[in-house]
Every structure is written in C-alpha cells, then in structure tokens.
Amino acid sequence: MKRFVYLFMMALALPLFVACSSDTEDELLLPQETTSGVKGVDTREVGERSYWWLWSQSEKLYFTYLDTKAFIYYHPSNREVIVEKLAERGLKLEDDYDYSLLGDNPVYTNKGVKFDFLNECVWNEVSASYKDIIDIPEILDACPNIRWASGELHGTSAITINTESNETLQIIAEEYKVHIVGTYEYYPSLFVSFVACDKNSKGNAFEIARDLWEKYHIGAEPECGNSILPH
C-alpha cells in the first residue's frame, strides 16, 4: 500500500501500551495553549525541531515539515472541481486513484456524527505547500508531508488515540475542533479510537497528537498509514 512505511512502526507501537493517566474531564479541561494562526506551522518549539511522541515508548520523534508536498482529503463529489482549481494554479493531484480516508469498515462504537460523511471521503496528494491550496473550499483539510530520520512520510488528518471513552473523545473533539470517527477493536480486547482534523482544527494531526500526550498523558499518534485504520 502507498503508505506502508509507517505501518511497521504502528504494528510495534499499538500493543505496547504505557500506563496513562485516567481519561477524566478534569485532566482535559486545562487552559488552552496559544498557537500560531497559520495552521500546520508549529511555533511553540522555539529553537527545537517539531516532534510527536511515540507514546508506547515515551519517545520524541523529530521531523521537519516539507513545503513541496501536501496531503489533502475531500468528498469525491468535489474531485472534479478540485482538479480544475488546482489546474488554475498549475497544480494537479499526484495520483489518478483516490484513497479511502477510513479504509475498510469494521465494527465501530462511539461513532461521531460525521462518520457517514467521513466514510465517503478520500485523500490524495499535491506537490505544493499546503498553504498554497488550503484555501480551496472543497479541500476539507491539507497537511504538509514530513521528513524524519528514516525518510519522508505522508501528511495526515487522522489521529489514533489510546482511549475507548466516549466522554474523553467528546472533550478532545470540543477542545481541538476535530471530528470523532469512532472506536475500533484493533486486537481482541485492545481498543483504539480515531479522530479526524479539518482546516478549522486547532493545529494539524502531528501537533494535536503531541499535545494529547504531552499535556494530558493520553496516548495519541498521527495516523500515517494508508488510511485512518491500521491494516
């Protein structure tokens, strides 16, 4: 699959759960940190590269954002319009084939109100800075690709969260302005949940995943696999 590089890491990471603080409302409702007004540009780490936490090992994974390629997702009914608007800017979708945002559809619990819509959405890439395309209304979100120690990874709008608590998901959705996808049984008796960003979210998936671990000690990672679902 197109984004297989990350899957091996995810396969190793997900079973190794760390001891997290309890998912309580008091933990999450802390004063919000002021962030950059430009979505996807992280200015909170002065003099230090951006990173996210590999929460299963409590390890920082450093990376840099790329200005040359961006992940986008959209509803397939808007594909033709997006292609036309990109062409006006001398740009195009990188792949002729769109990839399902949610992938296969297992049995979910805690489904969000936009689940059915997100289940229809697809993603692709554009060889441009996300800032040059995020203003296109039909593009629901755009995130820069990243470069880290092992090479380049695709951007993402999805976050894996180590909780099956609907209350916790609702609090996260409200604070970070993300959409709840639902909870999925990754292995027998091992549940993870997923949320999806859009262009109105408080930061991109890398920034939000880092905050959830760093500020609240809730296991969360940007989902850089082929879709939101692990395969």
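Assorted remarks:
- Amide H contacts under 5 Å for residue 202, placed H, 5+ residues apart: 177
- Just so you know, the Cα atoms of the range 114-195 work out to an Rg and Dmax of 14.9, 43 Å.
- Largest-first principal axis extents, alpha carbons of the range 44-203, Å: 48, 41, 27
- Shown are 152, 94, whose ranking by accessible area with a 1.4 Å probe and every protein chain present, most to least, is 152, 94.
- Solvent exposure, largest accessible area first (probe 1.4 Å, DNA, RNA and ligands not counted), of 172, 134: 134, 172
- Each label was represented as a point 7 Å from its Cα along the Cα-to-Cβ direction; for residue 215 and residue 147 these points are 3.0 nm apart.
- Residues with amide H under 5 Å from that of residue 160, placed H, sequence gap 5 or more: 221, 223
- Nearby lysines by direct alpha-carbon distance to residue 215 (threshold 16 angstrom, same-chain neighbours under 8 apart not counted): 60, 202
- Descending semi-axes in whole angstrom, ellipsoid equivalent of the range 51-116, from the Cα gyration tensor: 29, 23, 10
The values are calculated or read from the model by the stated rules, or taken from the named source; none is laboratory data. The structure presented is a predicted model; accordingly, all values stated were derived computationally and were not measured. Cβ atoms come from the backbone with ideal geometry, glycine included; neighbour counts cover every protein chain shown. To get the accessible areas, we keep the full protein, side chains included, count just its heavy atoms, and leave off ligands, DNA and RNA. Shrake-Rupley method; radii C 1.70, N 1.55, O 1.52, S 1.80 Å.
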